[in-house]
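Have a look at the structure below before the remarks.
What follows is calculated from the coordinates using simple rules that are stated; it is not laboratory data. The structure displayed is predicted, hence computed values, not measured ones. Reconstructed Cβ throughout: ideal geometry from the backbone, glycine too, with neighbour counts over all protein chains shown.
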Amino acid sequence: MVLTPKEIISLVTPPLFIHLAKLLQKNQYGLSGDHRDWAEAIAASTGYDSDIILELTTAALMKVKNGDAVYERDSVLFDEIQYSWPLLAGLMWVAARYEGRLNVLDFGGSLGSTFYQNLAFLSDLPMVRWNIVEQSSHVKIGKEYFEDHNLRFYTCIEECLTDTKPNVLLLSSVLQYLEHPDILFNQMLKLPCGYIIIDRTPYWAGPTDRLCVQTVPPSIYPGSYPSWIFSRSRFHSNIPDDWHIIVTFDNSDKLAGPVDFAYQGVIIARNNYVS
């Protein structure tokens, strides 16, 4: 049977448009743009309702804490824990160097997502203290619902350091969301920690950092905000001589972007560090 042009169009067009619609929808989310400065990136963002995100994260982590869910990340619950094995190995390595004592400064650690993610392993250590430095709204909720003898919350690094002496600093999915990540990282290098673990951070092979806007799928929460893609070579070259890289590793995070990039982590140690 020979089809007429009209019949061909009626058969071909719907699947084509469905495919294109799915492709366009997929490309709506992830990282986009190449902005000159933070103000321009903010202007290109819609922002997000931090109160709603905090409520979603609180509800999800309460289920994890109470044993009603297995794992939470970015306010989303999962049926199984998605481990970052290099991160966990780094934490256990640090603990081994301190006779099983692990004291973490988790900067931007939400309400304890990484703590609960790795609790099955951490609970076998003789001493674990997990200190989260976060926004005051998170700290208030953290102290009310999640704080215990292992998990503590602080509004600033100085407040944490008056209480305890962390032996490892954790920066997981946080540097890319800061206006001046270089300044903060340089300050972190001067803290009395001998080890730093950076996780879930986007890098590309270009010579300069690239400032984008990250758009979140509304199935998670509606919003968009600035996010850096760091130059891998530039980032590593800025690590001072009194520190050295132990290992770099890949993460499973995947997002669409304007350049070819990957989420990676790195573990660094201070030279000749004595605890």
* To do: For region 205-275, compute Rh as the Kirkwood radius over C-alpha pairs and then the Stokes-Einstein diffusion coefficient at 4 °C and 1.567 mPa s; write the answer in µm²/s, rounded to an integer.
  => 89
* Structure fact -> So the pair-distance distribution of region 88-152, from every Cα-Cα distance in 5 Å bins, comes to percents of 4, 18, 30, 24, 14, 8, 2
* **Shape of region 105-248, Cα gyration tensor, a/c cut at 1.5** => oblate
* Could you check which residue among Q82, Q214, Q264 shows the biggest mean-square fluctuation in a GNM of the chain with a 10 Å Cα cutoff? => Q82
* Structure fact -> Dividing the alpha-carbon radius of gyration of the chain by 2.2 N^0.38 Å, where N counts its residues, gives 1.16
* Structure fact -> The summed charge of the G142 Cβ neighbourhood (under 10 Å; Lys/Arg +1, Asp/Glu -1) stands at 0
* Of I183, I81, I229, which is the most mobile in a GNM of the chain whose springs link Cα atoms less than 10 angstrom apart? -> I183
* Structure fact -> Rounded to the nearest 5, the percent of antiparallel DSSP beta bridges in region 111-263 equals 50
* To do: Determine, for each peptide in 199-206, 265-272, the mean count of other beta carbons within 10 angstrom over its residues, then list the peptides with the highest first.
  => 199-206, 265-272
* Asked: Excluding N131 itself, what net charge comes from residues whose Cβ is under 15 Å from its Cβ, given Lys and Arg +1 and Asp and Glu -1?
  -> -2
* What is the Cα convex hull volume of region 23-136 when expressed per residue in Å³? -> 171
* List, in order, the whole-Hz ³J(HN,Hα) value for each residue of region 236-250 obtained from phi through the Karplus relation with A = 6.51, B = -1.76, C = 1.60 and θ = phi - 60°; use x for Gly and Pro. => 5, 6, 8, 6, x, 5, 7, 10, 9, 7, 7, 7, 10, 8, 8
* Cα→Cβ-extended label distance, 7 Å offset, between D49 and T208, nm -> 3.8
* Structure fact -> Scoring only Lys, Arg, Asp and Glu (+1, +1, -1, -1) among other residues with Cβ under 10 Å from the Cβ of Q176 yields 0
* Asked: Using the alpha-carbon centroid of each, what span in Å lies between region 78-149 and region 150-224?
  -> 15
* Residue by residue through region 77-86, which ³J(HN,Hα) values in whole Hz follow from phi under the Karplus form 6.51 cos²θ - 1.76 cosθ + 1.60 (θ = phi - 60°), with glycine and proline marked x? -> 8, 10, 6, 9, 6, 9, 6, 9, 4, x
* **For the chain, built as a Gaussian network whose Cα springs stay under 10 Å, the top-fluctuating residue of K140, K190, K65** => K190
* To do: Would you work out if region 47-106 is rounded, prolate or oblate? Take a ≥ b ≥ c from the square roots of the eigenvalues of the alpha-carbon gyration tensor; rounded if a/c is under 1.5, else prolate when a/b is larger than b/c, oblate otherwise.
  => prolate
* Structure fact -> For the chain, the dipole about the Cα centre with charges only on Cβ (Lys and Arg +1, Asp and Glu -1), to the nearest 20 debye, works out at 420
* Nearest 20 debye, what's the magnitude of the dipole of region 147-265 about its Cα centre given +1 on Lys and Arg Cβ and -1 on Asp and Glu Cβ? -> 300
* Using a Förster distance of 25 angstrom, determine the FRET efficiency expected from the C-beta separation of T164 and E99, and round it to 0.05. => 0.90
* Of the peptides 254-261, 240-247, how do they stack up when ordered by the mean number of other Cβ atoms within 10 Å, highest first? -> 254-261, 240-247
